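Note sheet for the following structure.
Bear in mind these aren't lab numbers, they're just calculated from the coordinates by the rules spelled out. Everything quoted here is computed from the prediction, not taken from an experiment. When we count neighbours, we look across all protein chains shown, and the Cβ atoms used for this are built from the backbone with ideal geometry, even at glycine.
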Amino acid sequence: MNRRDVRSRLRSPVAAFLAIGLLLFSLQALLTVRDSGATDRSIQVTAAEIQFLSARWARQWNRAPTERELQGLVDDYVRQEVLYREALALGLGRDDEIVKRRLVQKLELLTEDLASQVQPTDAELQTYLAENPDRYRFPERRSFQHVYINLDRRGEAALGDAEKILARLRPPPTSATRPAELGDAFMLAHEFQLLAPGEVSRLFGSGFADRLFELEVGEWQGPVPSGYGLHLVLVTDVEQGRMPALDEVMGYLLTDYEREVRERARDQVFASLLERYEVEIDQESIRSSALDVDSPGSGQ
C-alpha cells in the first residue's frame with residue numbers, strides 16, 4: 001500500500017487520549033440512562049430509521065419496497081422494539097450466557113469503533129516503527145545453487161559421494177560443467193534467488209535454512225542436510241537485512257497501530273467501568289476448586 005492509498009484513509013489526526021476520553025464520556029451517558037431504572041415507553045420511528053429499513057430491503061432485493069412492504073418493515077421494527085424493551089425490563093437476559101456474551105461483544109465493538117476514529121500521523125507511525133524494529137525489519141536474503149545427494153538412492157555411499165563431488169566443484173568448475181548434473185535429480189529447482197530464512201525453511205526445513213545463512217559467499221560448501229537428503233551449496237548473492245522506510249510498510253504499520261489503539265481503548269474503558277463496581281471474589285474457593293499442579297498425578 002503506498003502513501004497516497006493510505007493517506008486517503010486518514011482524516012485529520014486526533015490524539016488517542018482525547019478519543020478515548022470522548023468514548024468514556026459517551027458510555028457514561030449511556031450507562032446513566034441505563035441506571036435510571038425506567039423503561040422508555042416512547043418509540044419514535046423517524047425518517048432516518050425508515051430510510052434505513054428501506055435501504056436494507058433494497059440491498060437484499062435489488063429494488064425499493066412498496067408502501068405496503070415498507071409498512072410491514074416498520075410494524076416489525078415496532079414489535080421488536082416493544083418486546084426487546086419489555087424483556088430487558090423483566091431481566092430475561094440477566095442469566096442467559098448467550099445474551100450476556102452478545103451484549104458484551106456489542107459493547108466492545110462500540111468501544112473499538114469509536115477508538116478506530118483515531119488516525120495516526122506519519123510521525124506517530126515512524127515512532128511506532130522505531131519501537132517495533134523486529135516486527136518490520138526486512139530479513140537478510142540469499143541466492144544459492146545446490147547439488148542434491150539422494151540418501152535413499154546412494155545409501156552408505158552418500159557421504160563419500162558428496163565429498164567426491166565437492167572436490168570436483170573446488171576450485172570453481174569450468175563454464176562447461178553443470179553442477180546439478182553431478183548429483184541426483186531433485187523435485188524442486190537447483191537454483192534460488194534472494195530467499196528469506198522463512199522461505200528457505202518452508203522449502204528445505206529450518207535446519208537447512210539455519211546452516212545456509214551461516215555459509216560463506218562464493219564457495220561450494222557442505223554437505224548440508226535437509227529433509228530430502230544432502231546438499232552441496234554455493235551462496236551466490238546476499239542482500240543484507242535492513243529497516244524499511246515508512247512508505248515500504250505503511251499499510252502493515254497502520255493496521256497494527258489501529259489494532260493496538262482499539263485494544264488499548266477496550267482495556268481502558270473496562271478499567272473505568274470497573275471502578276463503578278465493588279467486586280468480591282472468594283479466593284479460597286478458587287484455590288480449593290482448581291487443579292493442584294504440585295499434587296501427585298496432576299502432571300503429564
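Worth pointing out:
- Contour minus Cα-Cα distance for ALA47 and LEU188 (0.36 nm per residue): 44.3 nm
- TYR252/ARG59 FRET efficiency (R0 35 Å; Cβ-Cβ; nearest 0.05): 0.60
- Centre separation in Å (Cα based) which lies between the stretch 227-266 and the stretch 84-107: 43 Å
- Remark on ASN150: its backbone amide H falls under 5 Å from those of ASP184, a criterion applied only to residues 5 or more positions apart or on other chains, H modelled at 1.01 Å from N.
- Between THR177 and GLU124, the FRET efficiency estimated from the beta carbon spacing at R0 = 51 angstrom works out to 0.35.
- GLN283-GLN105 FRET efficiency (beta carbon distance; Förster radius 45 Å; 0.05 resolution): 0.95
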